[in-house]
Amino acid sequence: MAATLKEIIYNNTTIPVIFEQSKTLPIVSLQLVFTNAGHLSNEKDGQADMAAKLLNEGTKKEGSVGFAKTLDDHAVDLSAQVGRESFVIELSSLKSEFGYATQRLQALLQDPNYTEEALDQVKRQKIGWLTQKQSDFDYIAATRLRKMLFKDTPLAHAYDGTMESVKAMRLIDLESFIKSHLGYNNLIVVIGGDLAWEEAKSAVESVLPLLPTSKTEPAGPFRASDANRTEEIEEDTQQAYIYFGAPFDYTYKEKDQYKAKIAEYVLGGAGFGSRLMEELRVKRGLTYGAYSMFRRAKYGSYLSGYLQTKLATQQEAVNLVREVVKDFVAKGITAEELKAAKEFLVGSEPLRTETLSQRLNRAYNNYYYGRPLDFDKTQLEKIESVTLDEVNAFIKAHPELADLSFAIVTKKD
């Protein structure tokens, strides 16, 4: 049974529910997805992520350890996590324990662990993570690139937090974020597994009265910089960590996403079948891997990519990336590349819909981006029939992809 779109009316608000009944395994999965409540909605650096971590500290009555033990005793998974745009509370359990699992979710929403002890634990976790990231050169380069591409926007902020922002975070800051961002009016529910729609509806309706009215606003869209800049960050490293990006004047709303998917696959998403891998690794041995992708989200669309190379071949690699992308935009792809892309994208489709989680997440994404739930099926049909001229016309219409900026972690001496 494929995922379907249902609706629940609460307080004169229509709440969308992505639902799929699947009796393959006796399990149930529930996600409460709060839109416009992710990193980009931070009022203070790291606030959304720390709020999610605070919810993972259980209830005030039972404490972190006590609450976690009740979950473990019934094999229930309950956690909160945050992305750039959304805040997600996820619940999963055996079918036989789903009633109990729902009660645990209700308890968490009614009585979050708003204590100084829980806050201190969250701060320790976050500071430990940030300390590790100080020597994570991929993270450093990626963060610098984002700041370069999206200067003076929320995307440029330290949305993971800084040592200073984490230490200064107060309990009232996190409580305020949760109460103002996790509302029924910015909620999308994703639920599926071994249960009927009436059971799913009942579970969701039991949670809605515990949610406030959200006061969130969408962020973006933001356009990536076309400044063609390069910034180097000096570290004690034996490799150059090269991250690059460029604007991509194409939105998530476009109906011919299949063309972008083919172009993305050929340029840098196909592993050994991609242009970047072929030119940088296979032909010249400059790197173990070179990758790129077209990010197409509500907050913006852009090209991003990365590779590592020897310090001595850093400039050669940068020049070659520029050359490969410039040639790609100017000339498009070959018939052989289109054939390989079609074979992979169509042939690997069953692997992307094997599990309930995959199907629900795909249906959610389609709904979130304003598409029919079967959008991917129709896109595959168009991939099979698209011509080389059509794909190349699409690629050549985006010369901005060649306006590359680079953030490089390197050892200058």
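The values are calculated or read from the model by the stated rules, or taken from the named source; none is laboratory data. Here the structure is a predicted model, which means the values were calculated and not measured. All Cβ positions, glycine included, derive from the backbone under ideal geometry; neighbour counts span all protein chains shown.
Restricting attention to the range 250-266 and to residues that are in a loop (DSSP other than H, G, I, E, B) and out of contact with any strand residue (DSSP E or B) (no Cβ under 7 Å at 6 or more places or on another chain), the residue that is farthest from T410 (Cα to Cα) turns out to be K255. The one condition from (1) of a type outside the set (V, I, T); (2) in contact (Cβ under 8 Å) with a residue 40 or more places away in the chain; (3) within 29 Å of Q125 (Cα to Cα) that K201 does not meet is (3). I want to confirm something. Restricting to the range 202-233 and keeping residues that are part of a helix (DSSP H, G or I) and either more than 26 Å from the chain's Cα centre (by Cα) or not hydrophobic (A, V, I, L, M, F, W, C) (or both), which single residue is surrounded by the most Cβ atoms within 10 Å (Cβ to Cβ)? Per the stated criteria, the residue is A203.
Only residues that are of a type outside the set (D, E, K, R) and more than 24 Å from K377 (Cα to Cα) were counted in the range 234-270, giving 12.
If only residues of the range 381-406 that are touching an Asp or Glu at 6+ places or on another chain (Cβ under 7 Å) and among the charged types (D, E, K, R) are counted, the one that is nearest to L320 (Cα to Cα) is D403. Of all the residues in the range 393-413, those that are farther than 22 Å from T309 by Cα and among the charged types (D, E, K, R) number 2.
Results for (1) part of a helix (DSSP H, G or I); (2) surrounded by fewer than 13 Cβ atoms within 10 Å (Cβ to Cβ); (3) modelled with pLDDT of 95 or more; (4) not assigned by TED's automatic domain parsing to the domain that holds L276, shown as yes or no for each residue.
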site: K339; (1), (2), (3), (4): yes, yes, yes, no
site: L351; (1), (2), (3), (4): yes, yes, no, no
site: A363; (1), (2), (3), (4): yes, no, yes, no
site: Y367; (1), (2), (3), (4): yes, no, yes, no
site: L373; (1), (2), (3), (4): no, no, no, no
site: E384; (1), (2), (3), (4): yes, yes, yes, no
site: E390; (1), (2), (3), (4): yes, no, yes, no
site: A393; (1), (2), (3), (4): yes, yes, yes, no
site: E400; (1), (2), (3), (4): yes, no, yes, no
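Mind counting the residues in the range 281-323 that are out of contact with any helix residue (DSSP H, G or I) (no Cβ under 8 Å at 6 or more places or on another chain), aliphatic (A, V, I, L, M) and part of a strand (DSSP E or B)? Matching residues across the range 281-323 total 1. Looking at the range 402-413, which of its residues are over 28 Å from the mean Cα position of the chain (by Cα) and either surrounded by 17 or more Cβ atoms within 10 Å (Cβ to Cβ) or among the acidic types (D, E) (or both)? If the condition is that a residue be over 28 Å from the mean Cα position of the chain (by Cα) and either surrounded by 17 or more Cβ atoms within 10 Å (Cβ to Cβ) or among the acidic types (D, E) (or both), then D413 is the only one that fits.
Yes/no per residue for (1) surrounded by 16 or more Cβ atoms within 10 Å (Cβ to Cβ); (2) assigned by TED's automatic domain parsing to the domain that holds L171; (3) charged (D, E, K, R):
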position	(1), (2), (3)
E57	yes, yes, yes
L71	yes, yes, no
I89	yes, yes, no
G99	no, yes, no
Q110	no, yes, no
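Filter the range 117-163 for residues that are buried (at least 18 other Cβ atoms within 10 Å of the Cβ), polar (S, T, N, Q) and over 20 Å from T410 (Cα atoms) and give the result. Residue satisfying the conditions is T153 alone.
Could you tell me how many of the residues in the range 54-87 are part of a strand (DSSP E or B) and of a type in the set (A, V, I, L, M)? Summing the residues that are part of a strand (DSSP E or B) and of a type in the set (A, V, I, L, M) in the range 54-87 gives 3. Screening A260 with (1) of a type in the set (G, A, S); (2) surrounded by fewer than 21 Cβ atoms within 10 Å (Cβ to Cβ); (3) more than 25 Å from A224 (Cα to Cα); (4) at pLDDT 95 or above gives one miss only, at (3). The number of residues in the range 267-280 that are buried (at least 19 other Cβ atoms within 10 Å of the Cβ) and either assigned to a helix (DSSP H, G or I) or in contact with a Leu (Cβ under 8 Å, 6 or more places away or on another chain) (or both) comes to 8.
Table: residues versus (1) modelled with pLDDT of 95 or more; (2) among the charged types (D, E, K, R).
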| site | (1), (2) |
| --- | --- |
| Y159 | no, no |
| E164 | yes, yes |
| D173 | yes, yes |
| K179 | yes, yes |
| Y184 | yes, no |
| L187 | yes, no |
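Can you confirm whether the range 101-119 contains a residue that is under 30 Å from A407 (Cβ atoms) and not small (G, A, S)? No; the residues of the range 101-119 include none that is under 30 Å from A407 (Cβ atoms) and not small (G, A, S). Residue selection: A37 satisfies the criterion of being in a loop (DSSP other than H, G, I, E, B), surrounded by 19 or more Cβ atoms within 10 Å (Cβ to Cβ), under 18 Å from the mean Cα position of the chain (by Cα) and modelled with pLDDT of 95 or more.
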